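Input: a single structure, listed below in structure tokens.
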Amino acid sequence: MRISIKHLIDIALVIIFYAGFQGGKYFLNNRIQELGLALTLMLFLYTATQTALLKKDINWRWWFWSAPLLIIYVMGLSSLIFSINADTFILPSFFAAREFLIILLAPALYFLIQLGYPIERLEKIFISSLIIILINYLFHYYRIVLPEAYFSRGYMSYIVTYDEWRGYRLKAPTFALFLLTLYASFMLFVKTTTIKKAGWIVILCIAAYIWFLIKARSQMATLGLALIYYPLFFSRPRRISLFLLVSPVGLFLIIALGGVLIDTFMNSDGGTIRAASYAIAWEQIGQYTFFGYGQSSAFTKTYQDIFGAKFFPSDLGIIGITFKYGMTGVLIYIFYNFYLFKRLMWANWFYLYQYKKINPLLCSLFIFLTALSINLILNPGLAYMQGLTVASLAISITGIYKQQSVHMNK
């Protein structure tokens, strides 16, 4: 049987999303990530070439060059800075930052849809990938002997955590879990067949069970808060005025409760280690303010080799980002965080106005980004593989709806 190019693209997208949401980190030392990045690069080059030849009514140069230039800046500068600060070779650090290559997915998906790939098909492939990722997590949760993995000296020790209250836990693909929980919830209110609704109930139960297993308190809290924010403030344009009215009160409450939250955070399990890591990070930020300390590599020197075995910048929230990339990196991160927020908010309004109904995927992406924005200080997730995958999908889809709006207004 002959396989069409569209089916090959379907398979490639499933692998890309699977790798992007770290579904392969439970086996083979996450080597599937390399396959996902390679397929992303191939898809980008293929779709860019085809659109350059066949499409003349799009801003091709912007879509082609913006992602590679951002990637070169982040990977190149962070590896150069680390090589200078730690007196190491630059190439290992450059390749250690390779997860940023997933950003090429944004223009690749935009070009792909321009070439006639249905956006509805992309949505189905994406959601199917999330379902596969959650089932994959449950399989490995019961396959891996968690205490044995936790006390091992290899890669597996990094994907299992432990504390007295929650016990041993396999690190979950939290972003995939977050998005699928939202999407399945929205699908319960969409007009469809009874069998499909029953299927979404089953998926929602699987998601709820994983939430129970990982007991991620802060993520569940921000999920609930974002779900409240969306209908109150962001579901329609006229409600923004209410948000602007109450936002000063919210800011005052955050400031008032800030001390309590920080004290609780520092006194939770691992708080002493976290406090010591923050002290190290602050000291280095004072010395390397603008560009940070850079990207380490396991092939030369790691952060643990330099600052101690328990020092992991990825556990330090926005302070960890500042440590690695400096104030310039933080400013870039904050810009893109709220740039995506604005694009997704507008796309939701446009879809509701144009089609007189909500788009479950757009709503899920927007609520997810709202939750990330609320928890920005502790969890700047868009700077890592899972968040970069979500951001790339959001950029491409909102770009398509933006173009539709421009054509409608002509």
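No value in this document is a laboratory result; all are computed from the given coordinates. These figures come from a predicted structure and were not determined experimentally. Heads up, the Cβs are rebuilt from the backbone with ideal geometry, glycines too, and the neighbour counts pull from every protein chain shown.
With a cut-off of 8 Å between alpha carbons and a minimum separation of six or more residues, what is the relative contact order of the chain in percent?
About 21 percent, as a whole number.
Per the helix-only calculation at 222 nm, which mean residue ellipticity applies to the chain, given -39500 (n - 2.57) for every DSSP H run of n ≥ 4 and division by its residues, nearest 500 deg cm²/dmol?
Calculated at 222 nm, the ellipticity per residue is -24000 deg cm²/dmol.
Quick check for you: which residues of the stretch 324-368 have the amide N under 16 Å from the point 7 Å beyond the Cα of Leu244 toward its beta carbon?
342, 346
Counting other Cβ atoms within 10 Å, which trypsin sites (Lys or Arg not before Pro) in the stretch 156-195 have at most 16 and lie in a DSSP loop?
Passing sites in the stretch 156-195 are Arg166, Lys171, Lys191.
Run through the stretch 125-233 and list the chymotrypsin sites (Phe, Trp or Tyr not before Pro) located in a DSSP loop whose Cβ has at most 15 other Cβ atoms within 10 Å.
Those that pass, being in a loop and sparsely packed, are Phe151, Trp165, Phe189.
In the chain, how does Rg compare with the Kirkwood Rh, expressed as the Rg/Rh ratio over alpha carbon atoms?
0.95
Just to be sure I understand: with springs between alpha-carbon atoms less than 10 Å apart, which residue in Gln114, Gln22, Gln304 has the highest mean-square fluctuation in the Gaussian network model of the chain?
Greatest mean-square fluctuation among the candidates belongs to Gln304.
Give me the log10 of I(q) over I(0) for the stretch 25-101 at q = 0.17, 0.22, 0.24, 0.26 Å⁻¹, as the Debye formula computes it from C-alpha points; what are the numbers?
Ignoring solvent entirely, the Cα scatterers give -0.81, -1.01, -1.08, -1.14.
Which whole-Hz couplings ³J(HN,Hα) result when phi for each residue of the stretch 392-404 is put into the Karplus expression 6.51 cos²θ - 1.76 cosθ + 1.60, θ = phi - 60°, listed in order with x for Gly and Pro?
Going residue by residue, I get 5, 4, 5, 4, 5, 5, 5, x, 5, 5, 5, 5, 4 Hz, with x marking Gly and Pro.
List the aspartates and glutamates whose Cα sits under 20 Å from the Cα of Lys196, skipping any in the same chain fewer than 8 residues away.
Result set, ordered by chain and number: Glu120, Glu123.
Could you tell me what a quarter of the Cα convex hull surface of the stretch 307-410 works out to, in nm² with one decimal place?
7.5 nm²
Which FRET efficiency value, to the nearest 0.05, is calculated for Ser66 and Ile119 with the Förster distance at 30 angstrom and r the Cβ-Cβ distance?
It comes to 0.90.
Can you give the Kirkwood hydrodynamic radius for the stretch 86-178, in Å, rounded to one decimal and based on Cα pairs?
Radius from the Kirkwood sum: 16.8 Å.
Explain nothing, just the number: dipole magnitude of the stretch 1-128 about its Cα centre with +1 on each Lys and Arg Cβ and -1 on each Asp and Glu Cβ, in debye rounded to the nearest 20.
Dipole magnitude for the stretch 1-128 comes out near 340 debye.
Can you list the aspartates and glutamates whose alpha carbon is less than 14 Å from that of Lys171, not counting same-chain residues fewer than 8 positions off?
Asp163, Asp315
Diagonalise the Cα gyration tensor of the stretch 49-137 and give the resulting equivalent ellipsoid semi-axes, square root of 5 times each eigenvalue, largest first, whole Å.
Listed largest to smallest, the semi-axes of the stretch 49-137 are 32, 22, 7 Å.
Using θ = phi - 60° and the Karplus form 6.51 cos²θ - 1.76 cosθ + 1.60, what ³J(HN,Hα) does each residue of the stretch 188-204 get, whole Hz, x for Gly and Pro?
Working through the residues one at a time gives 5, 9, 8, 5, 7, 6, 4, 4, 5, 5, 4, x, 5, 5, 4, 4, 5 Hz.
When the Kirkwood hydrodynamic radius is evaluated over all pairs of different C-alpha atoms of the stretch 168-236, what value in angstrom, to one decimal, is obtained?
Kirkwood radius, the stretch 168-236: 13.2 Å.
Take the alpha-carbon centre of the stretch 28-86, take the same for the stretch 346-410, and report the distance between them in whole Å.
Going from one Cα centre to the other spans 21 Å.
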